[in-house]
1. Given the C-alpha centroids of the range 205-225 and the range 79-128, what is the distance between them in whole angstrom?
2. For the chain, with a Gaussian network of springs between Cα atoms less than 10 Å apart, report the residue from K38, K145, K94 with the top mean-square fluctuation.
3. Compute the relative contact order of the chain as a whole-number percentage, counting only Cα pairs closer than 8 Å that sit 6 or more residues apart in sequence.
4. Given contacts defined as C-alpha pairs under 8 Å and at least six residues apart, what's the relative contact order of the range 2-62, whole-number percent?
5. What ranking do E58, E173 get, fewest neighbouring Cβ atoms within 10 angstrom at the top?
6. Rank the residues S140, S180, S135 as a footprinting-exposure proxy: fewest other Cβ atoms within 10 Å of their Cβ go first.
7. Cut-off under 12 Å on the C-alpha distance; same-chain residues fewer than 8 positions from K88 excluded. Which aspartates and glutamates are left, in chain and number order?
8. By how many nm would the segment from T86 to K19 grow when fully extended, if each residue of separation counts as 0.36 nm and the alpha-carbon distance is taken off?
Amino acid sequence: MGESKLRQRLKTVKDRIRKVAESCGRDPGSVRLVAVSKTMPADRVREAIASGVTILGENYIQEAREKIAELSEHPVSWHFIGHLQTNKSKYAVKLFDLIHSVDSLRLARELNKQAGKINKVQEILIQVNLSEEASKSGTSSGELKELATEISQLEHIAVKGLMTMPPFFDEPERAKPFFSELRRLRNQVGAAAIPNLGMDELSMGMTGDFEVAIQEGATLVRIGTAIFGQRM
């Protein structure tokens with residue numbers, strides 16, 4: 001796969017983001033693309049950066065550590081989007097600008113502790129498991145406000161919004177109620193005006209359903225396959 005192929009795919013994705021944003025009256029600049037680079041070798045990621053990618057999403061700490069070190073000369077933002085084990089927190093705060101997948105007070109407290117050691121305020125999103133699937137991480141919608149309130153009191157954590165992963169559907173429209181519900185929860189928690197709590201970001205939508213997610217208010221879409229092709 002030559003550079004032109006990846007560049008073309010990226011351009012297509014950006015065009016689709018722009019079109020759907022404009023069609024529902026949103027500024028296309030309000031939707032940021034997180035290129036999911038998990039399992040992709042550093043040279044492919046470098047090619048993506050050269051093609052205009054500015055935010056990269058990784059799922060595994062060990063893989064990300066090696067890649068980020070190899071690509072350290074590039075001024076890109078790295079986001080962690082996978083399930084984060086508490087014992088990997090010390091690496092996560094050193095590597096990532098935004099962690100999308102904080103799903104418990106225990107994890108948030110450990111991130112707070114490790115971020116404090118390096119004088120950092122770690123930006124995070126709270127992951128909500130709206131589908132209530134056992135295979136997915138995330139707090140429940142019923143526990144979200146209490147969790148957000150607890151996390152907001154942590155000195156070295158800055159909550160920026162919410163993240164979710166709906167069930168997999170062949171028809172993107174079927175994911176719509178999950179995206180709509182995350183937006184409703186964001187608005188509800190935001191309306192509570194909890195001190196030190198930001199609710200600007202909605203991380204939702206992937207290759208198969210990002211256009212529907214944008215219609216429902218996504219500010220961060222996590223797209224891998226549509227940019228890099230099928231994973232090996």
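Just so it is clear, none of the values below were taken in a lab; they were calculated from the coordinates. Note that the coordinates shown come from a computational prediction; the quantities given were computed from them, not determined experimentally. Heads up, the Cβs are rebuilt from the backbone with ideal geometry, glycines too, and the neighbour counts pull from every protein chain shown.
1. Taking the Cα centre of the range 79-128 as reference, the centre of the range 205-225 is 23 Å away.
2. Looking only at K38, K145, K94, the largest GNM fluctuation is found for K94.
3. 20
4. Numbers: 37 pairs, mean separation 21.9, N = 61.
Worked out over the range 2-62, it gives 36 percent.
5. On the way: E58 24, E173 11.
Fewest-to-most ranking of E58, E173: E173, E58.
6. Values: S140 11, S180 16, S135 8.
Final ranking by Cβ density, sparse to dense: S135, S140, S180.
7. Qualifying aspartates and glutamates at Cα under 12 Å: E110.
8. Details: separation 67, 0.36 × 67 = 24.12 nm, distance 3.93 nm.
Going from the current span to full extension adds 20.2 nm.
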